[in-house]
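**Student:** Have a look at this one before I ask anything.
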Protein chains: 2
Amino acid sequence: MAMQIKKPSQGRQKIAITKIPNRSNLQVTFSKRCAGLFKKASELCTLCGVEIAIVVFSPSNKPFSFGHPSIKTLIGRFLSPSPSSFPSSTYSTSSVPQEG
Amino acid sequence: MAMQIKKPSQGRQKIAITKIPNRSNLQVTFSKRCAGLFKKASELCTLCGVEIAIVVFSPSNKPFSFGHPSIKTLIGRFLSPSPSSFPSSTYSTSSVPQEG
DNA sequence: ATGCCTATCGTTAGACA
DNA sequence: ATGTCTAACGATAGGCA
């Protein structure tokens, strides 16, 4: 008889970066990756002494946020930059001019 | 004569998550990790169909931002949530109640 | 500062508890 | 939904161009 030997784990699988069709799978992936994103942000804050604000609207449209030091402070500074460090404009995801 | 054989690369080194003392090294790490953070955010948007806004103030205090669909839209929604999806309050990095 | 390169480290897909 | 486990995938430290 064909006895199936179950492999203990195939480890991480490669996935395409397209919308996950399965709802519960999407939920699990969201939780894991959102946590991963916030961890990366936290590390970047510590390593480089920078300030970061993140807002994520979940699949259920609930806001998750990360802020160091304070998300509201950073939003305020982003919306109305202080004249001393005035950028030419707000940047988008795309390329950004070199650092000072 | 003591001929030094240079290793081609030691690959990625383990580093402690503390402020990087060397200035130029910090700058390089910032660039790489900031790009990595934005890429992760982009993937999360695509995979899970969610909306994300990120603002990073660089070591030189310049604002770098990521926004999908639009960072200003998301900031606005975060600051004044629509009644239909009203959260009890804004959340911080810490734990968040379960998804709907 | 930006890109390429390699070896290695850290993240995470999938399965289960 | 939240944590644990494994193995594989992807990010990235350091070095050089």
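Any read-out appearing in this document is the output of simple, stated calculations on the displayed coordinates, not a laboratory observation. As the structure is a computational prediction, the values presented were derived from the model and not from experiment. All Cβ positions, even for glycine, are placed from backbone atoms using ideal geometry, and neighbour counts span all protein chains on display.
**Student:** Between copies, how far apart are the A:PRO21 label points? List them in nm, one decimal, shortest first, with each point 7 Å from Cα toward Cβ, please?
**Tutor:** 5.5
**Student:** Right, something else. Computed over the Cα atoms of the range B:24-82, what is the convex hull's projected area averaged over all directions, in nm²? Mind dumping the intermediate values first?
**Tutor:** On the way: hull surface 18.0 nm².
Averaged projected hull area, Cα only: 4.5 nm².
**Student:** So what J values fall out for the range B:23-29 if you push phi through Karplus, 6.51 cos²θ - 1.76 cosθ + 1.60 with θ = phi - 60°, rounded to Hz, Gly and Pro as x?
**Tutor:** 5, 6, 4, 4, 4, 5, 4
**Student:** On to the next question. Taking the dipole about the Cα centre of the range A:24-82, with the C-beta of Lys and Arg at +1 and of Asp and Glu at -1, give me whichever of A:ILE75, A:LEU26, A:SER58 is farthest to the positive side.
**Tutor:** Going by the charge dipole, the pick is A:LEU26.
**Student:** Also: Can you list, shortest first in nanometers, how far A:LYS39 lies from the same residue in the other copies, with each label 7 Å from Cα toward Cβ?
**Tutor:** Once sorted, the set of distances for A:LYS39 reads 1.8 nm.
**Student:** State to the nearest 20 debye the size of the charge dipole of the range A:22-86 about its Cα centre, where the only charges are +1 on K and R beta carbons and -1 on D and E beta carbons.
**Tutor:** Values: 8 positive and 2 negative charges, 58 e Å.
The calculated dipole for the range A:22-86 is roughly 280 debye.
**Student:** Assume the label is 7 Å from Cα along Cα to beta carbon: what separations in nm does A:PRO8 have to the matching positions in the other copies?
**Tutor:** Going from nearest to farthest copy, the values are 3.1 nm.
**Student:** Next up: Is there a pair in A:LYS72/B:LYS19; A:LYS14/B:LYS14; A:LYS72/B:LYS14; A:LYS39/B:LYS39 whose C-alpha atoms are over 22 Å apart, and which pairs would that be?
**Tutor:** A:LYS72/B:LYS19; A:LYS14/B:LYS14; A:LYS72/B:LYS14
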